[in-house]
Amino acid sequence: MCAALSMPDPVVEGVIGYSEGGQPITVSAQVSQARIPRIAVIAGQHGDERHAVMAAERLAAYGERWRGRAQLAVISRPNPDGYTLRQRANSRGIDLNRDHLLLRAGETRVIHQFLRQWTPEVVIDVHNYPSRRKLLLKRNLVRAADVCIDIPTHPALWTEWSGAARDELVRRIGRRIEPGGGFCDRYAVLTANGGARSSTFRVADARNGLTLRLGAFGVLIEGRAPVRSDSRGVRERLLVSLTEALLLSIEWAADNIEAICRWRSVIRSRPAPVGWKSADTGTICLHLFDEAAGEPREVAFLACREQSEVRVSVPAPAAYAIPCSMQSVLELLDRHGLPGHAPAEGRVAAETARITALRGSRVVSAELRNTLLDLSGYRIIRVTRVTSAFLAVLLEPQSRYALHRVADFGIHLCQGEDYPIVRLPEVKTPPCGAGCLP
């Protein structure tokens with residue numbers, strides 16, 4: 001990395017798009033010629049999470065902490081309609097943080113388009129979480145951490161380094177905010193049977209979906225949302241803790257950019273895990289407040305499913321061939337900046353998957369066969385190092401999050417038939433722009 005610039009880099013603001021309700025979505029970005037990490041901050045996907053927005057907007061006052069070490073692009077109000085209405089979703093009722101696969105909302109499409117152009121190495125997603133959960137309240141417990149931290153958990157994004165990186169970040173934040181009465185914990189989801197698990201593997205949320213599409217390392221920061229009984233002093237402490245966690249995450253990313261680049265190289269070069277079995281990993285201790293005793297305590301939860309045993313992984317092909325009849329799939333990929341191209345004429349080498357076992361919408365097993373196909377009536381989606389894992393998760397038949405398992409696409413499969421999407425070991429297409437979907 002180059003040394004810091006002698007003069008502060010300018011920070012510029014601009015409109016990158018508009019909400020469904022017509023309000024501008026703006027970004028505050030640092031303009032720098034130095035070779036320093038690019039870090040994107042997104043806060044306020046949920047319009048009712050005011051502290052997340054306030055923490056992101058305070059970053060400018062702490063410029064001495066990150067200028068010269070990292071270039072920041074801050075989108076602090078990606079859901080301006082929801083923010084104005086003080087509601088979680090956008091004006092069409094779409095939860096933006098559950099829309100990073102389908103991109104149904106104009107706001108999420110704006111986020112993706114900007115980040116694809118800006119190409120950050122790290123994306124920090126800032127939220128607020130409710131501390132009072134029914135499963136805990138039955139035991140007179142509430143979550144007491146000022147800040148919770150998580151990282152991408154989908155197996156296609158998990159490496160041996162991932163868990164250690166998260167734990168290091170939790171410790172760094174904890175050491176800084178504990179003297180002021182704050183506490184940092186790892187993020188976890190409580191289950192109906194009284195256990196706990198590491199968040200989610202799904203690809204609809206920003207932490208996994210956006211990370212898969214960009215190949216940028218994701219950090220999730222969840223600040224505790226204040227409750228009515230919190231005093232003004234407690235509310236300010238929560239905001240200070242969340243702001244400090246955001247600043248420390250930026251500093252941590254700048255300090256660990258070489259490890260982050262190695263992580264990115266691993267996930268881009270290995271076969272993509274698309275099928276797995278979750279494994280119990282013992283217990284997880286969470287920082288909770290015992291309302292009956294009136295004091296905080298550590299509580300151990302069983303069956304924390306953090307790691308997975310990969311059962312199916314697939315090497316990347318050169319391209320996928322998608323039937324033109326699957327228009328909704330092609331339109332989705334186009335929204336993700338992956339337009340389809342016309343195939344070369346004549347029969348080409350292809351790999352087709354015969355479905356040998358099907359359970360509901362789940363392809364249990366598929367037999368891959370080499371063949372020659374005439375691809376007229378198909379569109380070609382090229383695979384790159386950046387998109388290989390993302391496309392495998394969406395298009396491979398045995399993927400747990402393949403598009404044929406999403407009801408919106410109406411893809412009907414039958415056992416004994418070939419999977420409609422074809423893999424191409426080599427690809428020849430017209431020059432970029434020719435034959436593209438409109």
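Scanning segment 293-313 for residues that are of a type outside the set (Phe, Trp, Tyr) and in contact with a Leu (Cβ under 9 Å, 6 or more places away or on another chain) returns 296, 297, 298, 299, 300. Of all the listed residues (103, 72, 85), the sole one being out of contact with any strand residue (DSSP E or B) (no Cβ under 7 Å at 6 or more places or on another chain) and within 25 Å of residue 390 (Cβ to Cβ) is 103. Confirm whether residue 413 is open to solvent by 10 Å² or more (accessible area, probe 1.4 Å), touching a helix residue (DSSP H, G or I) at 6+ places or on another chain (Cβ under 7 Å) and either part of a strand (DSSP E or B) or not charged (D, E, K, R) (or both). Yes: the conditions hold for residue 413.
Can you tell me which residue within segment 179-202, out of those that are in a loop (DSSP other than H, G, I, E, B) and over 19 Å from residue 166 (Cβ atoms), is nearest to the chain's Cα centre (by Cα)? Filtering first and then ranking leaves 191.
Just a yes or no: is a residue in segment 21-32 open to solvent by less than 40 Å² (accessible area, probe 1.4 Å), within 23 Å of residue 152 (Cβ to Cβ) and in contact (Cβ under 8 Å) with a residue 12 or more places away in the chain? Yes, segment 21-32 contains at least one residue that is open to solvent by less than 40 Å² (accessible area, probe 1.4 Å), within 23 Å of residue 152 (Cβ to Cβ) and in contact (Cβ under 8 Å) with a residue 12 or more places away in the chain. When only residues in segment 17-64 that are touching a helix residue (DSSP H, G or I) at 6+ places or on another chain (Cβ under 8 Å), modelled with pLDDT of 95 or more and among the β-branched types (Val, Ile, Thr) count, which is farthest from residue 80 (Cα to Cα)? The qualifying residue farthest from residue 80 (Cα to Cα) is 39.
Please verify whether residue 371 is of a type in the set (S, T, N, Q), in a strand (DSSP E or B), without any contact (Cβ under 8 Å) to a residue 40 or more places away in the chain and surrounded by fewer than 13 Cβ atoms within 10 Å (Cβ to Cβ), treating the condition exactly as stated. Yes.
What residue, among those in segment 144-161 that are out of contact with any helix residue (DSSP H, G or I) (no Cβ under 7 Å at 6 or more places or on another chain) and outside any loop (DSSP other than H, G, I, E, B), is modelled with the highest pLDDT? Selected residue: 148. Number of residues in segment 253-310 that are in a strand (DSSP E or B), among the acidic types (Asp, Glu) and surrounded by 13 or more Cβ atoms within 10 Å (Cβ to Cβ) equals 1. The one condition from (1) under 30 Å from residue 117 (Cβ atoms); (2) hydrophobic (A, V, I, L, M, F, W, C); (3) under 20 Å from the mean Cα position of the chain (by Cα) that residue 276 does not meet is (1). If you take the residues in segment 328-368 that are without any contact (Cβ under 8 Å) to a residue 24 or more places away in the chain and in a strand (DSSP E or B), which one is least open to solvent (accessible area, probe 1.4 Å)? Top of the filtered list is 367. Looking across segment 190-205, the residues that are under 28 Å from residue 109 (Cα atoms) and open to solvent by 10 Å² or more (accessible area, probe 1.4 Å) come down to 200, 201, 202, 204.
Residue pairs whose Cβ atoms lie under 6 Å apart, sitting 6 or more positions apart in sequence or on different chains, and linking a residue in segment 222-239 that is open to solvent by less than 70 Å² (accessible area, probe 1.4 Å) to a partner that is assigned to a strand (DSSP E or B), are 222/127; 222/129; 222/148; 223/128; 223/147; 225/128; 238/224.
Based on what the data block shows, is residue 197 over 30 Å from residue 275 (Cβ atoms) and either basic (Lys, Arg) or without any contact (Cβ under 8 Å) to a residue 12 or more places away in the chain (or both)? So residue 197 does not fit the description; no.
The values are calculated or read from the model by the stated rules, or taken from the named source; none is laboratory data. These figures come from a predicted structure and were not determined experimentally. Reconstructed Cβ throughout: ideal geometry from the backbone, glycine too, with neighbour counts over all protein chains shown. These area figures cover heavy atoms from the full protein model, side chains too; ligands, DNA and RNA do not enter into them. Shrake-Rupley method; radii C 1.70, N 1.55, O 1.52, S 1.80 Å.
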